[in-house]
1. What is the residue count in segment 26-70 for residues that are surrounded by 17 or more Cβ atoms within 10 Å (Cβ to Cβ) and assigned to a strand (DSSP E or B)?
2. Among the candidates MET20, MET1, single out the residue that is assigned to a loop (DSSP other than H, G, I, E, B), of a type in the set (A, V, I, L, M), under 16 Å from LEU90 (Cβ atoms) and free of Cβ contacts under 8 Å to residues at least 40 places away in the same chain.
3. When you scan segment 63-71, do you find a residue that is at pLDDT 90 or above and more than 14 Å from the chain's Cα centre (by Cα), even just one?
4. Please give the number of the condition LYS39 fails out of (1) of a type in the set (D, E, K, R); (2) within 15 Å of VAL86 (Cα to Cα); (3) touching an Asp or Glu at 6+ places or on another chain (Cβ under 7 Å).
5. Which condition from (1) surrounded by 10 or more Cβ atoms within 10 Å (Cβ to Cβ); (2) out of contact with any helix residue (DSSP H, G or I) (no Cβ under 9 Å at 6 or more places or on another chain); (3) of a type outside the set (S, T, N, Q) is the one that ILE15 breaks?
6. Quick one: count up the residues across segment 79-93 that are surrounded by 15 or more Cβ atoms within 10 Å (Cβ to Cβ), closer than 16 Å to ASN37 by Cα and in contact with a strand residue (DSSP E or B) (Cβ under 7 Å, 6 or more places away or on another chain).
7. Report yes if some residue within segment 79-89 is modelled with pLDDT under 90 and either over 15 Å from the mean Cα position of the chain (by Cα) or assigned to a loop (DSSP other than H, G, I, E, B) (or both); otherwise report no.
8. Taking segment 1-35, which residues are modelled with pLDDT under 85, under 30 Å from ARG56 (Cα atoms) and among the hydrophobic types (A, V, I, L, M, F, W, C)?
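The values are calculated or read from the model by the stated rules, or taken from the named source; none is laboratory data. Just so it is clear, the model here is predicted, and its values are computed rather than measured. FYI the Cβ positions are ideal-geometry reconstructions off the backbone, even for glycines, and counts take in every protein chain you see.
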Amino acid sequence: MTTLTTLDPTSTLSIATDGMAVRPESLAGKRIGLLYNDKLNAAELLDAIYDVLADRFDVVSSHRVNKGNASRPAEPELLKTFASEVDVALLANGD
């Protein structure tokens with residue numbers, strides 16, 4: 001007789017909140033950062049989201065940055081500069 005072991009791949013949902021930025025009460029007057037990579041449709045997705053936000057809120061501006069290669073993290077200096085130029089950041093992958 002063979003024993004068959006069944007594993008349950010489900011887990012309880014866990015959301016890490018350490019290090020998360022405080023959400024602004026409103027996007028009015030905020031500079032919106034759009035950080036994307038070279039994947040297909042990433043820029044288009046963020047642009048579409050920005051358009052909706054710009055219609056709903058009195059945002060000041062958008063700052064778009066392509067971090068480059070989707071398989072590598074953004075360079076620390078790029079993130080530091082990006083963070084200093086925006087109040088809220090949106091990130092997206094494409095495909």
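1. So the answer is 7.
2. The match here is MET20.
3. no
4. So LYS39 meets the others, but not (2).
5. (1)
6. The qualifying residues number 4.
7. no
8. Matches in segment 1-35: ILE15, ALA16, MET20, ALA21, VAL22.
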